[in-house]
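First the structure, in the form of structure tokens, and then the observations on it.
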Amino acid sequence: MSTGESWESTGATIGRTLSESTPSFDHGVNPGANAPNVVIVLLDDTGFAQLGCFGSDIDTRHIDALAADGVKFTNFHVTPLCSPTRAALLTGRSQHAVGMRGVSNWRTGFPHQLGHISERAATIAEVLKSNGYATFCAGKWHLAPTSDISAAGPFEQWPLGRGFDRFYGFLEGETDQFHPELVRDNSQISPPRSPDEGYHLSEDLVDNLLQMINDSKGIRPDRPFFAYLPFGATHAPHQAPTEYMQKYRGRYDEGWDVVRQRWFNRQLELGVIPEHTKLAPRNWGVQAWDELPENQRRLACRLQEAFAAFLDHADDQIGRFVDGLKELGELDNTVFVLLADNGASQEGGPFGVMHEMKFFNGILETPDEAIERIDDIGGPHSHTNYPWGWAQCGNSPFRWYKQNTHEGGVHVPLIVRWPDGLSEQSGTQRNQFVSVSDITPTIFDLLGVDPPLTFRGVEQLPVTGHSFASVLRDPEAAATNTLQYFENSGSRALIAERDGEWWKAVTKHNQGDDFDTEPWELYNLTADPSECENLADSEPGVAQELIDLWWQEAHRHGVLPLDDRTLELFAAVRHDRSAHRLNGEYRYRPPMAPIPASVSATTGGRWFELTATATVEIEDEGVLWSTGTENSGVSVFVQNRRLVVDYNAFNSHTLVESTKSIPSGDVTLQIRLERTGRRTGWCEVRIDGEACGRVEIPFYMRMVSSVGSSVGHDHGSPVSERYDAPFAFTGTLHEIVIRTPERRSDAETTATAKAEMNRQ
């Protein structure tokens, strides 16, 4: 290299000696001393009416305080499902365009359902990180293919692969709040405490997110942060500490008809709905409260109490988070956004459920049966969801629920607070139409950040969301988004402004119906915000205009082909085992992290054989392999020199114990479970090839649990009552080999697929 030649990759000039050279230092991108932080708090399955400041009697004082000091949006819309909303939120683009028409558990071979966010759509975390921000996420991800969320990866679609510096939370669609399946960065971990020690996931998420921010600000106070806090609350299971459950005891004994009317009246008083709004009639399948049997009312009330306690507890954690930012001196210069991902969930059915896996094992537990365990509701021994009547109450004044493109599924709360940038707008309200894909463009606008045209060498899709920064600054500003499509599993809708009025065309699709002939409904949302008067027959021209616009938007955003498959897709993904089986077998060698249900050996509803090779001494004991939780699962363990299997079918334990002792030294321990009838089966244990114990299983589960397997210990809540978790094996476990059939029956496939669907 000649003297004076520029070293282009660094900007330095390189000469023969230091005196002839000029250094150049890369200090990175600096957003500026006054650049605001950004926080997005996302609630799960929280309906339009369920926050106190939107009409309910649930104590959400901390969220209400954010609204009182910020801007409250009353006409905010999302997608009907969690993963698509998250994809649109984090990219500022259509969920279909970025590859997330449904939950990330599915991959269909079409561009609109990749099971992850397209590389052509950089997330807000990726963009802000490239602009000098520290980026943190604590909570529910649900944006990576479920086949990729084990310790084996790949990790490209985990949070750290999509722009976050740090992550703490869970990757699936739901988790137990007392015994969560946790991930820190790219590694599975166990919760730091037990429920008996006061553990709850919502508290843990806030603890970890505050530590991430404190670590960053303590060392780099000049660097702003982007913090994303997607709670598990209020997705099922509805679980909360005991004191929160007690707070709501008896609160809802009047029933959903009375409570929904009260919440609706409160919404009118608050002005979050126009004064001419009607309360939509009860949805199909929701009975009048006074017509319900006593036990059904008792069960429904307790399930609603659990929901309220769960939301109240989450609100207190949001308050702790806000206090933490205030103590750091960072709160007022933080763009703070709070929203829900979709409306209240219909997945509890007409009665509500004590344990979701019972339903998908063909056990239709009646309220009279469920009432026997009513005091478990909301605690660590429950996995509950509330009934349709309370879900519609939570979506007041609207019709239908999560998964539906009617207002009950897509119309939810939004609050934006930024005192340093919007001080004159504190405590104000906006009624302009806004959609979830508009949030990221708005944040970019407020920060003065331009989304990149290419990112990591990949040409980017256009950001199609509309910044509503002008609406934030001026309550009289016109809505910036005047045309928005919706679609979920064939249900479709389009909202459009037409001559100063807002119209909506919508169809509620039932799987298998003809897309071309199923009826569309038409509503004038300006006159009828709760979709009570269908104008499709009286305004056919308007209806056809909006339907035609829907198809145009569908082509523009990559919505097609219309695909109403759901259960079939869960089954196809869940049982594509080619990548997870070696020579037709699952081979596990400890130490191993817990294995998520989506990638572990599937043992429900079919025969399977487990072989453990180990070196054992007389005093050794512990779990060799387990799957599931204290509510339902299977555990294989050594205790008192015996090989034991505990088959826990919803707290009904079938135990088989070897009749001979396990010898010292190298040993082969085997179990075989086999289904013999629609609901029956048997289990046999063998030691060194010799059968030495067999029992009949009165109820053979088709779907064991949403929680996966562990090797050499029992992570989470203990499957068996014969030990306390983790009850780690004290001998030397060399290998676990599990053999299962290559194919399962159609009935087995459908049962497991339904269980997967319910988890989302």
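The values are calculated or read from the model by the stated rules, or taken from the named source; none is laboratory data. What you see is a predicted model, and the numbers here were worked out from it, not measured in a lab. Cβ sites come from the backbone with ideal geometry, for glycine too, and all protein chains shown count toward neighbours.
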Taking first residues from region 560-573 that are farther than 19 Å from Lys508 by Cβ and second residues anywhere that are modelled with pLDDT of 80 or more and of a type outside the set (Ser, Thr, Tyr), the pairs with Cβ under 7 Å that are 6 or more apart or on different chains are Leu560/Ala554; Pro561/Phe110; Leu569/Trp106; Phe570/Asn105; Val573/Asn105; Val573/Trp106; Val573/Arg107
State yes or no: is Ser426 under 20 Å from Thr74 (Cα atoms), surrounded by fewer than 18 Cβ atoms within 10 Å (Cβ to Cβ) and either free of Cβ contacts under 8 Å to residues at least 40 places away in the same chain or within 27 Å of the chain's Cα centre (by Cα) (or both)? no
Identify all residues within region 195-205 that are in contact (Cβ under 8 Å) with a residue 12 or more places away in the chain and surrounded by fewer than 23 Cβ atoms within 10 Å (Cβ to Cβ); write none if there are none. Pro195, Gly198, Tyr199, Glu203, Asp204
Considering only residues that are at pLDDT 95 or above and either among the acidic types (Asp, Glu) or in a strand (DSSP E or B) (or both), which ones fall in region 333-374? Thr334, Val335, Phe336, Val337, Leu338, Leu339, Ala340, Asp341
Single unsatisfied condition, Gln425 versus (1) in contact with an Asp or Glu (Cβ under 9 Å, 6 or more places away or on another chain); (2) at pLDDT 95 or above: (2)
Residues of region 651-678 being part of a loop (DSSP other than H, G, I, E, B), under 24 Å from Pro718 (Cα atoms) and modelled with pLDDT under 95, in sequence order, are Asn651
Subset of region 619-650 that is outside any strand (DSSP E or B) and modelled with pLDDT under 95 - its residue that is surrounded by the fewest Cβ atoms within 10 Å (Cβ to Cβ): Phe650
Could you list, in sequence order, all residues of region 100-114 that are crowded, with 24+ Cβ neighbours inside 10 Å, in contact with a strand residue (DSSP E or B) (Cβ under 8 Å, 6 or more places away or on another chain) and closer than 18 Å to Glu126 by Cβ? Met100
Hits in region 12-40 (condition: part of a loop (DSSP other than H, G, I, E, B) and among the hydroxyl-bearing types (Ser, Thr, Tyr)): Thr17, Ser21, Ser24
Tell me which residues, restricted to region 151-167, are under 17 Å from the mean Cα position of the chain (by Cα) and either assigned to a loop (DSSP other than H, G, I, E, B) or farther than 29 Å from Gly28 by Cα (or both). Gln157, Trp158
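Among the residues of region 556-597, write down those that are at pLDDT below 65 and closer than 24 Å to Ser706 by Cβ. Quick ask: steps written out before the conclusion?
Applying the first criterion (at pLDDT below 65) to region 556-597 yields 571-583.
Residues satisfying the conditions are Ala571, Ala572, Val573, Arg574, His575, Asp576, Arg577, Ser578, Ala579, His580, Arg581.
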Any residue at all in region 140-158 that's within 22 Å of Asn214 (Cβ to Cβ) and in contact (Cβ under 8 Å) with a residue 24 or more places away in the chain? no
Kindly establish whether Leu182 is surrounded by fewer than 22 Cβ atoms within 10 Å (Cβ to Cβ) and of a type in the set (A, V, I, L, M, F, W, C). no
